[in-house]
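What follows is one structure encoded as structure tokens, with my remarks underneath.
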Amino acid sequence: MNLLIPLFSPATGTWGGLTRAVAVAHAAEAAGHRVAFCASGYLASNLRQRGYRVYPMPAPTLFGLPRWCAVIVARVIARMAQTRWLGRLLGSIWGVLFFSGAIAPRYLERLVAAELRAARDYGAEAVFTDLDPGAFIIARSLGLPIATAYATPMASNSHSWAWHRTQRAVAPLLAHCGLPPLDPDALFFGPDVLKLVPSIPELDGADANGDDIRYVGPLLGAIEPSPAEAFQPEPGQRYVFCYMGSGSVSPSALRRVLPAVFADSDLTCIVAGRAVGRPHQHGNVRYCTFVDVRVLLP
């Protein structure tokens, strides 16, 4: 089987989507299938370095702005990522798609056209994606089965302002492909989309008995940090891992709370995220810009 993986490639960067996509690619290859990617920017370069076939895609810009303007906005966003304001601004995956420029109408039209060409050239027989909006459209247009990485919160904030922006962006493309109208919820997370949940039912809450839900445990592809950033656990030491996503909890709040929480504990808390800055340790809390979580798993 030829599996095509269109990878959401925001200009601001993302390691999460890449590590999940690489994990799925590894599993597909181990089962004897072939894999190719659609990606842009440094994600495309990263995948090529791993030996994957990569179809180049147009690169989005923040909010779909002209590139020169998006660079200026990116500097402001980089400062906002140090606080919770970014999380409040985005609020949902629909906000992420709008913010990243992935649903800017002209960009999305170019993306879908490029992905359709890639799928036909590759002879794609199935599609996996991690939030790439074009993937859901081309899968329906070509009649291909599609799977996506999924977590229950992703389906929240229906009918928000960003959800409506997403609907307005995809509607003309669905019509152009001869497809019936679909709202974003049905297009991205309908019952005909296989949802792979990298968690357990007790933590996510999606119906484990649903035909379109599969709990797969951690999807952790082999994304190696540079040697200077490599983290190695100490033998016999127990860890709590805390990933600090952009705009979730401010670094200042974590530095204020976590050292007190773990002060008298035999556990070491590992905090990882871009906003950490220089790697350092405070009490039983160690701050790293990147951690290969696989080394922490039992």
task = Provide a single number: the residues in segment 104-127 that are under 22 Å from the mean Cα position of the chain (by Cα) and either of a type in the set (Ser, Thr, Tyr) or outside the structural domain of MET57 (by TED's automatic domain parsing) (or both).
result = 1
note = Expected output for segment 165-191 (first residue over 20 Å from GLY143 (Cβ atoms), partner in a loop (DSSP other than H, G, I, E, B) and of a type in the set (Asp, Glu), Cβ below 6 Å, 6+ apart or cross-chain) is GLN167/ASP183
inquiry  = Out of everything in segment 41-60 that is crowded, with 21+ Cβ neighbours inside 10 Å and closer than 25 Å to MET154 by Cα, what residue ends up being modelled with the lowest pLDDT?
reply    = PRO60
note = Restricted to segment 121-144 and to residues being assigned to a loop (DSSP other than H, G, I, E, B) and closer than 12 Å to PHE8 by Cβ, the residue modelled with the highest pLDDT is ASP132
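Residues checked against (1) over 23 Å from VAL291 (Cβ atoms); (2) without any contact (Cβ under 8 Å) to a residue 40 or more places away in the chain; (3) in a strand (DSSP E or B):
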residue	(1), (2), (3)
LEU4	yes, no, yes
ALA11	yes, no, no
GLY17	no, no, no
VAL22	no, no, no
ALA27	no, yes, no
TYR42	no, yes, no
inquiry  = Yes or no: segment 202-213 includes at least one residue that is under 22 Å from GLY101 (Cβ atoms), part of a helix (DSSP H, G or I) and within 17 Å of the chain's Cα centre (by Cα).
reply    = no
remark   = Conditions (1) of a type in the set (Gly, Ala, Ser); (2) assigned to a helix (DSSP H, G or I); (3) under 30 Å from TYR215 (Cα atoms) -> ALA147 fails only (2)
note = Filtering segment 33-49 for residues that are of a type outside the set (A, V, I, L, M) and more than 20 Å from ALA113 (Cα to Cα) leaves a count of 7
message = Return the pair list, or none, for Cβ contacts closer than 6 Å from residues in segment 266-294 that are within 11 Å of TYR243 (Cβ to Cβ) to residues that are acidic (Asp, Glu), at least 6 apart or on different chains.
response = PHE290/GLU229
query = Here are ASP192, ASP207: which of them is assigned by TED's automatic domain parsing to the domain that holds VAL22 and at pLDDT 95 or above?
reply = ASP192
remark   = Exactly one of ALA119, ALA162, ALA169 is closer than 26 Å to GLU29 by Cβ and buried (at least 19 other Cβ atoms within 10 Å of the Cβ), and that one is ALA119
remark   = The correct count of residues that are surrounded by 16 or more Cβ atoms within 10 Å (Cβ to Cβ) and part of a loop (DSSP other than H, G, I, E, B) in segment 261-276 is 2
query = Between a first residue in segment 111-127 that is free of Cβ contacts under 8 Å to residues at least 40 places away in the same chain and a second residue that is assigned to a helix (DSSP H, G or I) and β-branched (Val, Ile, Thr), which pairs have beta carbons less than 8 Å apart while being 6 or more apart in sequence or on different chains?
reply = LEU116/ILE138
task = For ALA175, state whether it is exposed (fewer than 13 other Cβ atoms within 10 Å of the Cβ), over 16 Å from the mean Cα position of the chain (by Cα) and of a type outside the set (Ser, Thr, Tyr).
result = yes
task = Taking GLU224 as the residue in question, decide whether it is on the phi < 0 side of the Ramachandran plot, modelled with pLDDT under 85, among the acidic types (Asp, Glu) and in a loop (DSSP other than H, G, I, E, B).
result = yes
request  = With the checklist (1) touching a Leu at 6+ places or on another chain (Cβ under 7 Å); (2) farther than 24 Å from GLY32 by Cα in hand, flag the one item SER158 doesn't pass.
outcome  = (1)
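The values are calculated or read from the model by the stated rules, or taken from the named source; none is laboratory data. Predicted, not measured: the structure shown is a model, and the values here were computed from it. Because the Cβ atoms are built from the backbone with ideal geometry, glycine has one as well, and the counts that use them run over all protein chains shown.
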